[in-house]
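Read the figures in this text as sums done on the coordinates, not as results from a lab. These numbers were taken from a predicted model, which means no experiment stands behind them. Glycine also receives a Cβ, built like all others from the backbone with ideal geometry; neighbour counts cover every protein chain displayed.
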């Protein structure tokens, strides 16, 4: 079954997550995606190595469904290859500083002159406007400058989220932008530039907190895992592990009061609404914690589920892998990779479409695995390719 983007060619010059995962999503949707790397391999190929060849966990995830090309676009022959690729492509992805794009010949002005239908998806830390536009950064800079880190932790030490949600959020916004640009191109015949920035993504995620601060001047500080505007909303220690439980809205709170065996709590003015329950969440968490003290994780979750109160176990990574729902719902697509001691558990499709499903068709490429194939499609013969290799162009 073909994907909705079959026939679309994408050149992925991305690094790490914000660019490459956009390419991954487009590839899952059926596009042909060529991952373009340095001759020695891009830095993100080697992060958290998990296989014999040195490839990292993140690359095995991001590289699925992609063809692998090594290229030095800083050499004249490399720039010619870039021009030929751009002429055949629909989308270019590059989360690199814009001056680097210009040096590589993949800035929008250059590539649109070659191919007016081309779409450039570009990401930076701060965007192309403002006093910080030339600064570089990673996911955590977005977390830090959006208020997210300050509002996480114990109120004394700002705490980052280990899972890079700003990078992944930016990649998904990139994907939305590219799909919108492709829809527009189908009508106008013209390409355009799609721009995202890590700080914009992070502020989009914390925008509710920022609006509250601007409007009410509350100057909130972090409260560990306790919610600001709901309660009880917290992590709780059971006899054999931890759970997270959350009540939002009056019907949920009333059911929780019944489960705790004290329906008078629902009439307590300290807990009259979500905001009040958030303000007095420490008292509600103490009640819930006392209830959890005498129960196992399984017992607590069963009682909460029976009363339709959202809750879940706090898992280690191994427990996530072993979870029966994750396994039986087939969240993972086991993929073989050269040098890997076992099949790599790559997430199946992150979005499910009933008629035109996303698919995983190939593993992540080894370094330069498809270089000759791609160059031959561009019209280079074997002798020329051999010279390009000898000259360290590819």
Worksheet entry | Nearest-ten-degree value, helix 76-88 long axis tilted from longest Cα axis of the chain | 70 degrees
Worksheet item: Gain in length, residue 341 to residue 276, computed as 0.36 nm per residue apart minus the alpha-carbon separation, to one decimal in nm?
Response: 18.1 nm
Practice prompt. Using only Cα atoms, find the angle between the long axis of helix 297-306 and the longest principal axis of the chain, and express it within 0 to 90 degrees, rounded to the nearest 10.
Written response: 80 degrees
Discussion item. Show me the ranking of peptides 317-323, 49-55 by mean Cβ neighbours inside 10 Å, starting with the highest.
Written reply: 49-55, 317-323
Response to the item:
Rg from C-alpha atoms of the range 198-247, normalised by the globular rule of thumb 2.2 N^0.38 Å, equals 1.47
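When the helices in the chain are scored as -39500 (n - 2.57) per DSSP H run of 4 or longer and the sum is shared across all residues, what 222 nm value do you end up with, to the nearest 500 deg cm²/dmol? Could you put the intermediate results ahead of the total?
Values: 16 runs with 159 residues, N = 394.
One gets -12000 deg cm²/dmol as the mean residue ellipticity at 222 nm.
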Worksheet item: Cα centroid distance between the range 216-255 and the range 258-301, in Å?
Response: 9 Å
Discussion item. Using Cβ counts within 10 Å as a stand-in for footprinting exposure, how do 325, 209 rank, fewest first?
Written reply: 325, 209
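Given the convex hull of the Cα atoms of the range 233-316, what is a quarter of its surface area in nm²? The partial results should precede the final answer.
On the way: hull surface 19.7 nm².
Dividing the Cα hull surface by four gives the mean projection, 4.9 nm².
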Discussion item. Output the 0 to 90 degree angle, nearest 10, between the alpha-carbon long axis of helix 165-188 and the longest principal axis computed from the alpha carbons of the chain.
Written reply: 50 degrees
Worksheet item: Taking neighbour Cβ counts within 10 Å as the exposure measure, how do 46, 291 sort from fewest upward?
Response: 46, 291
